[in-house]
Structures are given as C-alpha cells and as structure tokens.
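Reading through the structure tokens given below for one structure.
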Amino acid sequence: MRKSSYDFEIRKVRDEIIKREAKIILIQLPEGLKLYGPKLAEVVENAGGLAIIHGDPCYGACDVATVEAERLGADLIIHYGHSEMMEKEVTPTLFIEAKMKGSIKIAVKKAIPLIKNWGKIGLVTTVQHIHKLDDARRVLLDAGKVIIIGDAGRLKYAGQVIGCDYSNAKIVSAEVDVFLFVGGGRFHALGVALTTAKPTIVADPYEKRAFRIEDGCEKVLKKRWATIHEAGKSKNFGILIGLKTRQKRLDKALTLKSLLEKAGKKGTLIALKEITPEALMQFSTLDAFINTACPRLALDNSRNFHKPLLNSNEALVILGKVTWEELCEKGWFEN
C-alpha cells in the first residue's frame with residue numbers, strides 16, 4: 001500500500017480478518033479517506049476476504065453501515081476514520097481510527113503568539129490527533145500556560161471532539177480562557193466556539209499554521225438568526241427523523257410536533273436516511289423544516305436548502321421556549 005499520512009493499522013486488519021475467518025468484508029470510509037479504498041480492498045483480499053467498499057457518504061461513528069452489511073451478507077465491517085461509540089454493532093465492526101503520523105508541534109508553536117494574553121488553555125482535537133495531544137500539552141506548558149483537558153465521559157478519549165459532540169470542551173469551558181483546537185479545517189473549531197462561546201484558535205498540523213476562528217462564528221450566528229427569523233413566519237413544518245444508526249430521535253420529534261400544534265402550527269414527521277436539499281424539495285407544501293438528526297447540517301450545508309432548516313434547539317426559539325440570547329449563551333451547537 002502506498003505511503004499515506006495516516007496509520008491504517010494494516011496488521012491489525014489482517015489479523016482480525018484471519019481470526020474471524022471473515023469471508024465478506026464491508027469497508028467504510030469518510031470522504032477524505034475514500035481515495036485509499038482500493039488499496040485497503042487489496043489488503044482485505046490478501047488476507048483471504050472479499051472486499052466491498054461502501055461508496056455512500058460516511059459522517060461518523062453514528063453512521064455505521066450495519067443495514068448495508070446485512071444486505072450484502074458481510075461478516076465484518078471495517079470502519080475507518082472514527083472512534084467507537086461504545087455500543088455493540090449488529091454486524092461485527094472493527095474501528096480503525098486512522099491516526100495522523102506527522103508532528104503537530106510546529107502548528108502548536110505557531111499558535112502561541114495568538115494565545116499570549118490568556119493563561120488557561122482548553123485543549124481539544126479529533127481522533128486523528130488524539131495520540132499527539134500530550135505533545136501539544138508539553139509545548140504549551142513550556143510556554144508557561146495552564147492546560148485543561150475535558151473528559152465528559154461521552155466520547156472514547158479525553159479532549160476528543162466530534163462533529164456533533166463537543167461535551168469535552170463544554171465541561172471545562174468555565175475554567176478556561178481560550179480553546180486551542182489541534183486539527184485540520186475550520187468545522188470542528190467552529191463547533192467548539194459555538195458550543196462554549198469562548199475564543200478558539202486552530203493549530204492546523206496539515207498546513208502547519210495557526211489562526212483564530214471568531215470571525216467565522218459571528219457569520220454563522222448571524223446566518224442562523226436570519227434562518228430562525230424566517231422560519232418563525234412559517235405555519236407548516238416538516239420534522240426530520242434520521243434513519244442512520246445513531247441519529248434516530250423519534251421522542252424528540254414527537255415532542256416538537258406536540259409543541260408546534262400547541263402553538264397553532266402543524267408538524268409533519270418525515271424519516272430520511274440522507275437529508276439533502278433535493279430530498280426536501282419534494283415537500284413543496286411545507287414552509288420550513290426542523291432537523292432532529294445530525295446537527296452539523298445547519299452548519300455545513302444550510303445555504304443549499306431552499307427553505308429554512310432549523311436544528312431542534314433553534315425551533316425552541318420560535319416556539320418561545322428559549323430566547324436566542326439564552327441559546328447562544330448555553331451553546332448553540334447542540335441538538
């Protein structure tokens with residue numbers, strides 16, 4: 001297999017296939033790792049199994065392809081890029097976290113001038129860099145900072161954040177002055193900032209640079225408030241129920257339906273596996289939608305939806321159960 005920046009734990013994969021005598025193996029990868037799929041399929045087949053790559057999008061450990069594995073008669077799922085969420089899967093599932101091989105120290109050192117006015121630093125990262133968190137801690141300690149790493153007990157690792165769970169940041173937000181997110185891109189750092197309402201700095205080990213995220217937060221919050229304001233005029237709502245493994249929140253959807261009806265509005269329950277603009281366009285008689293599945297849709301893709309798409313906590317604003325100011329203060333990025 002060609003050299004990559006990630007540890008795919010090839011020996012572990014081979015050993016697991018041989019130990020289980022697995023015949024059909026479903027390989028599931030997030031978008032950024034799909035290019036390695038054909039080579040990983042070769043690894044599987046060299047170990048004696050038939051490899052099938054799951055080609056649909058994969059957004060996290062909440063999205064394990066158990067139904068697809070059953071339909072294909074797979075003996076084993078190899079799920080790359082995410083950590084286990086501590087629930088037993090119907091089809092045996094091997095989680096390979098695909099940790100980054102490179103150093104994070106250069107990026108963290110570049111973040112030090114950006115945090116010079118703060119003493120207490122909250123440190124967070126994704127699973128790809130969780131094994132490097134201690135390296136980041138030592139760099140910051142050498143710079144005279146106090147380091148705080150949260151462990152809410154909901155995720156596999158202390159300091160870990162995922163696209164829909166920032167509890168490890170939230171639990172220590174009152175104790176820190178600023179958060180330093182170690183990882184690529186802006187999405188997770190925005191989630192930290194929106195959840196904690198604290199300044200957040202990114203140390204990007206891929207690009208070996210550091211930058212602030214505050215401007216992005218202000219833009220997101222302005223857009224979300226505009227969406228809430230627009231949805232507040234609506235009478236007929238579609239309430240979206242996720243059909244993915246750990247995105248089904250039927251109780252929450254039913255509660256929202258009841259609250260809408262008490263407010264003189266109508267709520268129609270709609271169950272989907274993939275919540276896309278194209279899917280929702282079919283429901284032309286509905287004025288707006290409330291999403292009870294993955295909350296990151298409102299951050300990642302909301303501009304592509306043709307009608308207002310609210311997260312369930314935002315719906316409580318138009319129903320008068322919470323104010324916008326209270327929502328921002330307690331942390332917008334929750335569902």
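The values are calculated or read from the model by the stated rules, or taken from the named source; none is laboratory data. Note that this is a predicted model, so its numbers are computed, not measured. Please note: Cβ atoms are built from the backbone with ideal geometry, for glycine as well, and neighbour counts cover all protein chains shown. Protein only, heavy atoms only, side chains kept; ligands, DNA and RNA dropped before computing areas. Shrake-Rupley method; radii C 1.70, N 1.55, O 1.52, S 1.80 Å.
By the rule of a C-alpha distance below 25 Å, with chain neighbours fewer than 8 residues away ignored, the lysines paired with K120 are K105, K109, K110, K132, K145, K156, K170, K198, K208, K330. Straightening the chain between Y206 and L269 buys 18.5 nm, computed as 0.36 nm per residue apart minus the Cα-Cα spacing. Comparing M100, M281, M85 in a Gaussian network model of the chain (Cα springs below 10 Å), the most mobile by mean-square fluctuation is M281.
Assuming a ≥ b ≥ c are the square roots of the Cα gyration tensor eigenvalues, decide whether the range 77-117 counts as rounded (a/c under 1.5), prolate (otherwise, with a/b larger than b/c) or oblate. Cα axes put the range 77-117 in the prolate bin.
Each Lys and Arg contributes +1 and each Asp and Glu -1, all at the Cβ; summed about the Cα centre of the range 1-99, the dipole is approximately 420 debye.
Placing pseudo-labels 7 Å out from each Cα toward the beta carbon at A197 and L243 gives an inter-label distance of 3.9 nm. Spatially, the range 129-166 and the range 238-309 are offset by 33 Å when compared through their Cα centroids. Apolar share of the accessible surface for the chain: 51 percent from carbon plus sulfur atoms, 1.4 Å probe. Taking each of K222/K252; K219/K321; K101/K248 in turn, the alpha-carbon distance tops 32 angstrom for K101/K248. Once the Cα-Cα distance is subtracted from the 0.36 nm per residue extended length, the A226 to E326 segment shows a gain of 34.4 nm. Among the chymotrypsin sites (Phe, Trp or Tyr not before Pro) within the range 283-312, those in coil by DSSP and having at most 15 neighbouring Cβ atoms inside 10 Å are F283. Couplings 3J(HN,Hα) of the range 233-244, computed from phi: 7, 7, 10, 10, 10, x, 9, 8, 10, x, 9, 6 Hz, in residue order, whole Hz [Karplus 6.51 cos²θ - 1.76 cosθ + 1.60, θ = phi - 60°; x for Gly and Pro].
Each of V220, N168, Y6 was placed along the dipole of the chain (beta-carbon charges, centred on the mean Cα), and the one lying farthest toward the positive end is V220.
Mean residue ellipticity, 222 nm, helices only, the chain: the sum of -39500 (n - 2.57) across DSSP H runs of n ≥ 4, divided by residue count and rounded to 500, is -9500 deg cm²/dmol.
At q = 0.12, 0.14, 0.17 Å⁻¹, what log₁₀ I(q)/I(0) does the range 178-335 have when each alpha carbon counts as one equal point scatterer in the Debye sum? Normalising to I(0) and taking log10 leaves -0.53, -0.71, -0.98. Placing pseudo-labels 7 Å out from each Cα toward the beta carbon at K39 and Q282 gives an inter-label distance of 3.9 nm. Taking a ≥ b ≥ c as the square roots of the eigenvalues of the Cα gyration tensor of the range 127-196, is the shape rounded (a/c under 1.5), prolate (a/b larger than b/c) or oblate? The shape class here is rounded. I need to check one value: relative contact order of the chain, counting alpha carbon pairs closer than 8 Å and at least 6 residues apart, in percent. Taking the mean separation of contacting Cα pairs over the length of the chain, I get 13 percent.
One entry in (1) 34, 30, 15; (2) 41, 21, 19; (3) 29, 25, 20 is semi-axes √(5λ) of the Cα gyration tensor in Å calculated from the shown coordinates; its label is (1).
With both residues required to sit in the chain, DSSP beta bridges show an antiparallel share near 15%. The slack between E31 and K116, meaning 0.36 nm per residue of separation minus the straight C-alpha distance, is 27.0 nm.
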